[in-house]
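Asker: What follows is a single structure, and I will ask about it in a moment.
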Amino acid sequence: MSDSRRRKPPLVADKRYSRKSAKPARKPTKSKAKPAPKRPTRRKAAPKRPRKQSRNPIARFFSNIIRWILRLIWTVVWRTSVVIGIMVGLAVTYVYATLPEVDELLDGRARGSVTLLDRDDKVFAWRGDQFGGVVTADTVSKHLKNAVIATEDKRFYRHFGVSPRGVASAVRINLSEGRGPLSGHGGSTLTQQTAKLLCLGVEYDADAWDSEADYVRDCRRGSLGRKVKEAVYAMAMEVKYTKDEILSVYLNRAYMGGGAYGAEAASQRYFGKPAANLTPAEGAMIAGLLTAPSSLAPTANLQRSQDRAATILRLMNEQDYLSDKETKYYQDNPATLSKAAEAKAGGYFADWVMSSGPEFFTRNTTEDVILKTTMDPRIQKAAEDGLKWVFENKVREGSKAQAAIVVMSADGAVRAMVGGRKTKVSGAFNRATQAKRQTGSAFKPFVYATALELGGHYDDSVVDEPYCLNIAGSGQWCPKNYTGKHYGDVSLTFALMNSLNIPAVKVSEKAGRENVRTVASMFGIESDLAAGPALALGASESSLLEMTGAYAGILNGGSSVTPYGLVELRLLGEDNALMGTGGGIGERVISDAAARELIWMMEKVVSEGTGGRAKMDGWQVAGKTGTTQAARDAWFIGFTNEYVAGVWMGYDDNTPLTGVTGGGLPAEIWREAMVRVHEGLTPTPLPAFTPVPQKRPAQTGGNRQRKGQGIDDVVNGILRDIFGGRN
């Protein structure tokens, strides 16, 4: 029998682990083995310390120096920061205490505005610093508000008045473009820009500054010190006002080109509507002006302004103010100007009215003024179109010749004024009012007006023959006819309608030069009139406005006229006018009978004489041509029963015209303008007299045969030929 109960030999695993724990047991070590190290011995770093101590002493020295410097810098930085923070806080607190209520900051103009109305009470021009009224961030169109934020400061509602990120970005851009860190892009927030518009609280004082321009330049300085003050002022504004109040100040004070200060003025100026009704395209165009208001103004360059607006619309889209569809629509359909804005602010006419009104209510006004004027926009356009048509179709390309037109009523109310070929201008040299030029034969009607007033008649005769006068200190003077021919015994009418010089001088000498000077000056020609016999040939200088006004005196029956454009002046918001019309019909100069006879003679100038190119189908036209010595100036001034118009043509530097006389291009300009002026009007006759047939035959020119006369008859005939007289 086997011994099954015999104990089995232990397994190897059993030898390694105790039965109790079933974990490996530590094998007993012999006496020479080291005991296991205890846990606390790990805390000792003694073995490593000797290695540190053993480093190079020089390296250890410099390491200590660096650590000391860093500790010093940190100490200086945090202490300096604390000091600067305290100083900035005190500065902000001080500025905060000086800031006024927001309502006082909305209109900061140094000058007032002038709004000009036409004869139908519609706005056609603006001058001065235009302010359309207070707007707020809540009342303007949301599209304008969004456009301004998108282009000027997209983090406006998230910063505290200063944007370190924006400043750093601006410095980086300036340096990359080769400029100084503060030159070019400033990184200013919209709040900082508003602070700059407020000139950091420094108001304009005329006694402290040489000019307003110097004051503005000082406000716009970009020095480091100025930037620091600007930042402090901006932070104080952020504490004092809400974001929308700051934006409201900006929208009211920013200059937006064309003399418009603030969003409302710009909206009315360019689009003829309130700022609350602006479309995205219009809001983008106004916001685009903030970068460069003068050069980007749509009245200066509409295409450039539209291109800038397209960029603003893209920025609005990127910032989720507009959808892709809206952005494309308004970029494809950009904003356009109102009719008044297209008229370029009234041009020469507005400038003239501004210069003729009282200075303290026009050019240097501190009030907002409304001027009602005599300007008729339809007639103004007719005059501009007529001038343009002739230069495009009758004048050689590249010609530098200039022209001017004045159209007025018989009482002197100016309806249109063109002071040069460039009609869409403001502040330009006005050849209709500022240029003084010799009048030539356009002066002759006043010679014949004097003769008629002194008892002469249209059919009085005068001999056209070689004629000389001795002038004290100058010797002999012999006038010549333009044609170089002589026509013998002619009537006054024949002499005027053919613009003969010798008969005009004879008539002037008989009537008396002083009388001629008196009649001309009473009709409104205020320039210095020549003292010698050449007075009769228009040797004196005058402006087109003066000459046209003098002809208006002939049309109205012989009374003087003071040309005027101002009808009424009042302050904005007031119903009572401060002043009324500054011109009109004055005292009588010649009798009504003499005026009617002169009108009949001047009608012959157009129907049968030198002014034939001024004829208008269906209308009676009276007028007179004028060409000065060497053709430096060419004139045509004439009238219908409705309007008087004057045209001057010449070069600014007195270069002679080539092949041009008063009866040529000036008469054609006159006709083209007046045909357009009279569109839709029913023709009416001139207030001329009806000639009574004379017993003697009418004089048509030519030398008379004088045979079989006695000595007395010869003497009387000579005197009659020299001085004229009725037969």
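The values are calculated or read from the model by the stated rules, or taken from the named source; none is laboratory data. Note that the coordinates shown come from a computational prediction; the quantities given were computed from them, not determined experimentally. Backbone-built Cβ (ideal geometry, glycine too); neighbour counts: all protein chains shown. Calculation scope for accessible area: heavy atoms of the full protein, side chains included, ligands and nucleic acids excluded. Shrake-Rupley method; radii C 1.70, N 1.55, O 1.52, S 1.80 Å.
Asker: Are any of the residues in region 171-183 modelled with pLDDT of 70 or more, out of contact with any Pro (no Cβ under 8 Å at 6 or more places or on another chain) and of a type in the set (S, T, N, Q)?
Answerer: Within region 171-183, not a single residue is modelled with pLDDT of 70 or more, out of contact with any Pro (no Cβ under 8 Å at 6 or more places or on another chain) and of a type in the set (S, T, N, Q).
Asker: Out of Q694, Q705, Q709, Q699, report the one residue that is modelled with pLDDT under 90, buried (at least 17 other Cβ atoms within 10 Å of the Cβ) and in a loop (DSSP other than H, G, I, E, B).
Answerer: None of the others qualify; the one that does is Q699.
Asker: Only one residue in A520, A504 is closer than 30 Å to D351 by Cβ and either in contact with a helix residue (DSSP H, G or I) (Cβ under 7 Å, 6 or more places away or on another chain) or surrounded by fewer than 20 Cβ atoms within 10 Å (Cβ to Cβ) (or both), so which one is that?
Answerer: Just a single option satisfies the conditions, and that option is A520.
Asker: Which numbered condition trips up M354, out of (1) under 20 Å from the mean Cα position of the chain (by Cα); (2) buried (at least 16 other Cβ atoms within 10 Å of the Cβ); (3) at pLDDT 90 or above; (4) more than 30 Å from L278 (Cα to Cα)?
Answerer: For M354, the failing item is (3).
Asker: Identify all residues within region 400-415 that are open to solvent by 10 Å² or more (accessible area, probe 1.4 Å) and part of a loop (DSSP other than H, G, I, E, B); write none if there are none.
Answerer: K400, S409, A410, D411
Asker: Only one residue in L571, L598 is crowded, with 16+ Cβ neighbours inside 10 Å, under 26 Å from the mean Cα position of the chain (by Cα) and touching a residue at least 24 places away in the same chain (Cβ under 8 Å). Which one?
Answerer: Going through L571, L598 in turn, just one is crowded, with 16+ Cβ neighbours inside 10 Å, under 26 Å from the mean Cα position of the chain (by Cα) and touching a residue at least 24 places away in the same chain (Cβ under 8 Å): L571.
Asker: Which is out of contact with any Lys or Arg (no Cβ under 9 Å at 6 or more places or on another chain), hydrophobic (A, V, I, L, M, F, W, C) and modelled with pLDDT of 95 or more, of V505, V463?
Answerer: Answer to the selection: V505.
Asker: Same structure again: Which of the numbered conditions does E514 fail, given that it passes all the others? Conditions: (1) farther than 23 Å from L555 by Cβ; (2) part of a loop (DSSP other than H, G, I, E, B).
Answerer: (2)
Asker: Name the single residue that is nearest to T98 (Cα to Cα) among those in region 186-230 being touching a helix residue (DSSP H, G or I) at 6+ places or on another chain (Cβ under 7 Å) and of a type in the set (A, V, I, L, M).
Answerer: The selected residue is L200.
Asker: Would it be correct to say that V490 is of a type in the set (A, V, I, L, M) and within 20 Å of W600 (Cα to Cα)?
Answerer: Here the answer is yes, as V490 does meet what is asked.
Asker: Which number in (1) open to solvent by less than 40 Å² (accessible area, probe 1.4 Å); (2) assigned to a loop (DSSP other than H, G, I, E, B) marks the one condition that I637 misses?
Answerer: So I637 meets the others, but not (2).
Asker: Pairs needed: first member in region 317-341, closer than 30 Å to L116 by Cα; second member anywhere, of a type in the set (D, E); C-beta distance under 6 Å; at least 6 residues apart or different chains.
Answerer: Listed pairs, sorted by first residue: A335/E282.
Asker: Which members of region 641-681 meet the condition of being β-branched (V, I, T), touching a Leu at 6+ places or on another chain (Cβ under 9 Å) and assigned to a helix (DSSP H, G or I)?
Answerer: I669
Yes/no per residue for (1) open to solvent by less than 20 Å² (accessible area, probe 1.4 Å); (2) farther than 26 Å from E642 by Cβ; (3) in contact with a strand residue (DSSP E or B) (Cβ under 9 Å, 6 or more places away or on another chain):
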{"residue": "D368", "(1), (2), (3)": "no, yes, yes"}
{"residue": "T374", "(1), (2), (3)": "yes, no, yes"}
{"residue": "M417", "(1), (2), (3)": "yes, no, yes"}
{"residue": "Q434", "(1), (2), (3)": "no, yes, no"}
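Asker: Checking S527 against (1) open to solvent by 30 Å² or more (accessible area, probe 1.4 Å); (2) assigned to a loop (DSSP other than H, G, I, E, B); (3) touching a residue at least 60 places away in the same chain (Cβ under 8 Å); (4) farther than 23 Å from E603 by Cβ: exactly one of these is not met. Which one?
Answerer: Evaluating S527 over (1) open to solvent by 30 Å² or more (accessible area, probe 1.4 Å); (2) assigned to a loop (DSSP other than H, G, I, E, B); (3) touching a residue at least 60 places away in the same chain (Cβ under 8 Å); (4) farther than 23 Å from E603 by Cβ leaves (1) as the failure.
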